[in-house]
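This report concerns only the one structure given below.
The values are calculated or read from the model by the stated rules, or taken from the named source; none is laboratory data. Since we're looking at a predicted model, the values are computed, not measured. With ideal geometry, Cβ positions are generated from the backbone for all residues, glycine too; neighbour counts draw on all protein chains shown. The protein model used for the area step is the full one, side chains on, heavy atoms only, and it has no ligands, DNA or RNA in it. Shrake-Rupley method; radii C 1.70, N 1.55, O 1.52, S 1.80 Å.
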Amino acid sequence: MAVLTHLLVCIFGMGSWVAINGLWVELPLLVTELPEGWNLPSYLTVVIQLANIGPLLVSLLHRFRPGCLSEVPVIFTVLGVGTLACLLIAFLWNMTSWLQGGQHSVAFVVLTFFLALVDCTSSVTFLPFMSRLPSYYLTTFFVGEGLSGLLPALVALAQGSGLTVCVNVTDKPGTAEDGSITQVPSGANSTFAPPGDSGSHLQSRYLAARFPPLVFFLLLSFMMLCCLVAFFLLQRWPRGHEASTEDLLSSQVTLHAIRTPDEKPPTPLGPADSSKGQGHTEEEKAGTPGAAQLTFIYSLVAFVNALTNSVLPSVQTYSCLSYGPVAYHLSATLSSMANPLACFLSMFLPSRSLLCLGLLAVLGTGFGAYNMAMAVMSPCPLMQGHWGGEVLIVASWVLFTGCLSYVKVMLGVILRDRSRSALVWCGAAVQLGSLLGALLMFPLVNVLRLFSSADPCSLQCSA
């Protein structure tokens, strides 16, 4: 039964971000069909962060009306809305409307908002629900959360979305681009035939996908439905919550103090002030150092999630596509695999040392800085056109995701051992960091246009 519970928890965790992650991995195909083109990722980032109204409302109710909101009906609601929104987007994703002088993907953006509302709200509802289960199930939950990125990536890889080939094209001076070639966003460096030139040159053309976005989004709907069923079964599971008290007796640590047998499992009555007994006394003895450690943990949670959820995803196309579509697909797929693998690693090599987690976050940030630098240098990044450059960019994205995913898991475990309220505020910190990252990147990408993309088949960077 424990194995089956782990499986249900994993599927439940997969539903936390599977919808939005599915949109991201389908972007190579969507940007060729929707009028926003390669600017679509930055638009989606802002729309997704606007959905933080959901977790904001839950956090405020938790703070000012503790106990009035049960996460169980909220979870049922958001999973139902997510399943329905995935089903609708399967049929309406390419519907466009005339808005402000041009065609825009209004239906796609609106449905994306509802999917984001579901996934963002999951950060402040799924984690508190996990406090009802023994703490070792929390790592399984994070494994499922990692699979929410991996499974859609594997489906997109099987679909062949965004794969291109280089073909010879004859151009005449001043002619418009063929409708079948890659869309290039406004402000991008033009790397096609030089003005006044005519003749053949290489351009990239997208290959037809093996199955359309309709099938992909229907599969996404099925994944969301599986998550809903898993949550229903967890609610009905006879031994789902019994081990929680016993688990808290087995030397779980809260920051640097040991949780005592007198401290009861977290309750929905509010923050840590509702706890009694020796555990509360030890926290009071910790005084300022304990408060400083909590501040560091929540700040690190916000920073790490800003990088992984907003800042770097906004520029992944610019960072990788200059090295070719193969590098982009490998970086997207393998970095998605790095997330659950890091969660598995945390099961066998857990580290609650804040110093170790801080250093690992610095290392992951270094890889993220390299990815950002290559995005800024696009369309002519370092070692462009050389196999070594492709290896470096793929490895950098994998290590960036792996390091920071491990940090996120261990910070969640630390906060799980503190209280249920700590997990609620952990989810709030996740969404706050993601929101700040999105607000930072949108003007850089769409207003200042610091990033340029180009056709990798016709780059001329050797000069």
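Yes or no: Glu71 within 20 Å of the chain's Cα centre (by Cα) and acidic (Asp, Glu)? No; evaluated as a whole, the condition is false for this residue.
Of the numbered criteria (1) open to solvent by 20 Å² or more (accessible area, probe 1.4 Å); (2) more than 24 Å from Asn309 (Cβ to Cβ), the one Gly102 fails is (1).
The criterion of at least 3 residues that are modelled with pLDDT under 50 and over 14 Å from the mean Cα position of the chain (by Cα) is met by the following helices (runs of 4 or more DSSP H) wholly inside the stretch 265-353: 278-306.
Within the stretch 354-463, which helices (runs of 4 or more DSSP H) (wholly inside it) include 3 or more residues that are over 22 Å from the mean Cα position of the chain (by Cα) and farther than 30 Å from His62 by Cα? Because the criterion is at least 3 residues that are over 22 Å from the mean Cα position of the chain (by Cα) and farther than 30 Å from His62 by Cα, the helices (runs of 4 or more DSSP H) in the stretch 354-463 that meet it are 354-377, 387-416.
Among residues of the stretch 347-360 that are over 11 Å from Val413 (Cβ atoms), those with a beta-carbon under 8 Å from a residue that is of a type outside the set (A, V, I, L, M) at least six positions away or on a different chain give the pairs Leu354/Gln293; Leu354/Phe296; Gly358/Phe296; Leu360/Cys403; Leu360/Tyr406. Considering only residues in the stretch 123-160 that are farther than 21 Å from Arg236 by Cβ and without any contact (Cβ under 8 Å) to a residue 60 or more places away in the chain, the one that is least open to solvent (accessible area, probe 1.4 Å) turns out to be Gly160.
For Val9, state whether it is within 21 Å of the chain's Cα centre (by Cα) and modelled with pLDDT of 80 or more. Considered against the rule, which asks whether it is within 21 Å of the chain's Cα centre (by Cα) and modelled with pLDDT of 80 or more, Val9 comes out as yes.
Candidates in the stretch 14-69 are the residues that are of a type in the set (Ser, Thr, Tyr) and within 21 Å of Leu321 (Cα to Cα); of these, the one that is most open to solvent (accessible area, probe 1.4 Å) is Tyr43.
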